[in-house]
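The values are calculated or read from the model by the stated rules, or taken from the named source; none is laboratory data. Values in this document were obtained by computation on a predicted structure and should not be read as measured data. Here the Cβ positions follow ideal geometry from the backbone for every residue, glycine too, while neighbour counts run over all protein chains shown.
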Protein chains: 2
Amino acid sequence: MLTVILMRKVAIIGAGMTAFGEHWETGFRDLVVEAGVKAIADAGISGDRIDGGFVGTMASGRLIGQEHIGGLLADYMGLNPIPITRVEGACASGSLALRQGIMAVASGMHDLVVVGGVEKMTDLGVNTVSDILGGAGDQEWELFLGATFPAIYALMARRHMHEYGTTEEMMAAVAVKNHKHGAKNKYAQFQKEISIETVMDSKMIADPLKVFDCSPITDGAAAVVLAPLDVAPSYVKKPIELLSSAQASDAIALHSRESMTGLRATQVAAKKAFERAQLTPKDMDFAEVHDCFTIAEIMAIEDLGFFKRGEGGKATLEGKTALGSEIPINTSGGLKACGHPVGATGVKQAVEVVWQLRGEAEGRQVKGAHIGLSQNVGGSGATSVVHIYRNL
Amino acid sequence: MLTVILMRKVAIIGAGMTAFGEHWETGFRDLVVEAGVKAIADAGISGDRIDGGFVGTMASGRLIGQEHIGGLLADYMGLNPIPITRVEGACASGSLALRQGIMAVASGMHDLVVVGGVEKMTDLGVNTVSDILGGAGDQEWELFLGATFPAIYALMARRHMHEYGTTEEMMAAVAVKNHKHGAKNKYAQFQKEISIETVMDSKMIADPLKVFDCSPITDGAAAVVLAPLDVAPSYVKKPIELLSSAQASDAIALHSRESMTGLRATQVAAKKAFERAQLTPKDMDFAEVHDCFTIAEIMAIEDLGFFKRGEGGKATLEGKTALGSEIPINTSGGLKACGHPVGATGVKQAVEVVWQLRGEAEGRQVKGAHIGLSQNVGGSGATSVVHIYRNL
């Protein structure tokens, strides 16, 4: 593995997001403009200081008939002629946009970069959206044969249960915790607490996953502003340093993977991210992870090294990932309760990490938060992206 | 305007492409793997030396039901777990992928990067494809009202004719020249010469644009391999230096532009590219430009400063852009004759430039070629990307 030393260090100097939920009277363009303007205002600069941008969105072509999202947004953000580029990596699109922004600043190509993530999903029927999301997996070997995402994650859940004794109650505990966190987040799609029974008694989607094991269909956008670390303090009092950005790939179809009980892409990306930051999982004060389904969070906290393989479910049931524990997971409510506008999720994770590291997370603040991590998965794990952040 | 000084200079050390055309027995995955493998082999390295990748593709979600193209390709190229990221900017997707590759190497994030572009377009009916391509413009204000791309470029052509006296014969001359060049390129979709009459007598698509004024619907892929310039000579005898990469934006809808007879995004990107390379249009020995319609090439050679505003059509008719002239344009045959698999086009332009700068362009070689330029447009001009290349 190559040692990555970025030519220039990068910091986040602004963050903002829309409420996540069903936006019936707000379009794709409005959502991402709102988030972008909030992030730029938060950085205390005017838009004409921005000299480049990136936006993550998964399926705008199929969801709203619009491609060329970079050009569209430069226009609607009033940023012409500065360049904005769209990046796509399914549900990891947002983190990939963040990663391109980091490279843009680190390379010297750009100085002040806005990074957005957006998806407008609720305007189509659920079966259509499910088919569109299926394009994040292997269209020829999975989706074409009927395997939508709940089915794919259900296979992983069954195998995790078989190998490690993970139970449906343990998975339900992920949902209960994330709804509890989401209830403290005014941007979350769901702000109501639920019980284990709520999950266990809910409608079966793909055995053993019930509707409360699944993240929802959501509209929303999030954005951050990046600057070179050395000048970041001249813009804001609390810049957040990006300590490392790592991305890895794995087979796109589940049947080609070595294991179904963890994501190798996350394991590889995490290893790289920790090495580059010269830190270990124990150094993390909290993390935002990709809980598109409850089993995904259990695999994530194992893949990231917070818990041993097979012990993630038990740890969750015992409250070891709740606010107040040693490693609070998904203080935002995660994809499960905060919502999952797929292209926006990776950037929303960064926004939550920034708020935590600045001490601005209100009722869900992690006390003394100094170092945070985000993990964002594309599809069923063909892409995974890990970022580590630190306050100064 | 900020002075961009990249932290690390970048070179192209490998290039390859598939034949462009109608590939009835070859899928999306096969096409891009073929191009990628050719580029990596051309660089004289084995795949396991590659540590990152980018791929440009516009509309795989709608064309083949598949998103998450980065993850898919890492898998099918046998490159797991190295990261590959998809970039989208409509018909400029390929150049944007090249640009991300440059930033990845310049930033120190990656060392050896493969950049691909691909589109598989011929499996759907022409009306469906036309609707999908319309997503490169303004879906709400143009496409929804019926304005597909031939209509949008027809408006620009009419205005150019009105303001500058450009004629239909001058536009036809673009097609005639590019078919003549394409006839010397074994990778081109059309390898037959045509006459002015062929164009003038062909079916009207959107007045004044006839079918021979339009680039075709094409399947194809292209790829290059990037490396830090300082180590590039250790890999290959003839590395090609990337002197500058510039991108700019403009309003996505034609009705919001200041002018309809040129693309401001190209003008801004060209100005930046020339400044960064400390060169002028006169220093270019040849160029690959975005001739999605014949009028687009006329605007491009004016926007890039090769000819004065309004004189591009006359210059073309007089043979001033043909092979053997001072500034040969589209020696590959351009989008018009080589074909236009939209996501692949920007990378194909880079491949043609590399071949010319290495002296490997066979019957269409520009003698003494030392510096080349490529210009790639997204949609009707909301994005434009200019790259300048030099042999060592």
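Set side by side, the residues A:GLY61, A:GLY36, A:GLY44 differ, and just one is over 25 Å from A:GLY137 (Cβ atoms), outside the structural domain of A:VAL377 (by TED's automatic domain parsing) and buried (at least 19 other Cβ atoms within 10 Å of the Cβ), which is A:GLY36.
Given the options A:LYS184, A:LYS237, name the one that is charged (D, E, K, R) and within 27 Å of A:GLY27 (Cα to Cα). Before the answer, list the steps.
Values: A:LYS237 fails: within 27 Å of A:GLY27 (Cα to Cα).
Just a single option satisfies the conditions, and that option is A:LYS184.
Just one of the listed residues (A:ALA223, A:ALA206, A:ALA277, A:ALA248) is within 13 Å of another protein chain (Cβ to nearest Cβ), of a type in the set (A, V, I, L, M) and buried (at least 20 other Cβ atoms within 10 Å of the Cβ), and it is A:ALA248.
Scanning the range B:80-131 for residues that are within 7 Å of another protein chain (Cβ to nearest Cβ) and not in a strand (DSSP E or B) yields a total of 14. If you filter the range B:34-83 down to residues that are acidic (Asp, Glu) and within 21 Å of the chain's Cα centre (by Cα), you find that the one that is farthest from B:SER107 (Cα to Cα) is B:GLU34.
Tally time: how many residues in the range A:306-362 are of a type in the set (D, E, K, R) and more than 19 Å from A:LEU373 (Cβ to Cβ)? Before you say what the answer is, go through the steps one by one.
Looking only at the range A:306-362, we keep the residues that are of a type in the set (D, E, K, R), and these are A:308-309, A:311, A:314, A:318, A:320, A:326, A:336, A:348, A:352, A:358, A:360, A:362.
Narrowing further to those that are more than 19 Å from A:LEU373 (Cβ to Cβ): A:314, A:318, A:362.
Qualifying residue count, the range A:306-362: 3.
Look at (1) in contact (Cβ under 8 Å) with a residue 60 or more places away in the chain; (2) surrounded by fewer than 22 Cβ atoms within 10 Å (Cβ to Cβ); (3) not aromatic (Phe, Trp, Tyr) and you find that B:ALA344 fails only one, number (2). Count of the range B:42-67 residues, restricted to those that are at the interface with chain A (Cβ under 10 Å from one of its Cβ atoms), of a type in the set (Gly, Ala, Ser) and part of a helix (DSSP H, G or I), is 2. Every test in (1) in contact with a strand residue (DSSP E or B) (Cβ under 8 Å, 6 or more places away or on another chain); (2) surrounded by fewer than 24 Cβ atoms within 10 Å (Cβ to Cβ); (3) under 17 Å from A:GLY262 (Cα atoms) is passed by A:GLY379 save one, and that test is (2).
Listed here are the helices (runs of 4 or more DSSP H) enclosed by the range A:303-392 that have at least 1 residues being over 30 Å from A:LEU155 (Cβ atoms) and within 14 Å of chain B (Cβ to nearest Cβ), and there are none. For the range B:253-266, the candidate set comprises residues that are more than 9 Å from every other protein chain (Cβ to nearest Cβ) and part of a helix (DSSP H, G or I); within that set, the residue that is farthest from B:GLY137 (Cα to Cα) is B:THR266.
Annotation for the range B:3-26: at least one member residue is in a loop (DSSP other than H, G, I, E, B), buried (at least 22 other Cβ atoms within 10 Å of the Cβ) and either β-branched (Val, Ile, Thr) or within 11 Å of another protein chain (Cβ to nearest Cβ) (or both).
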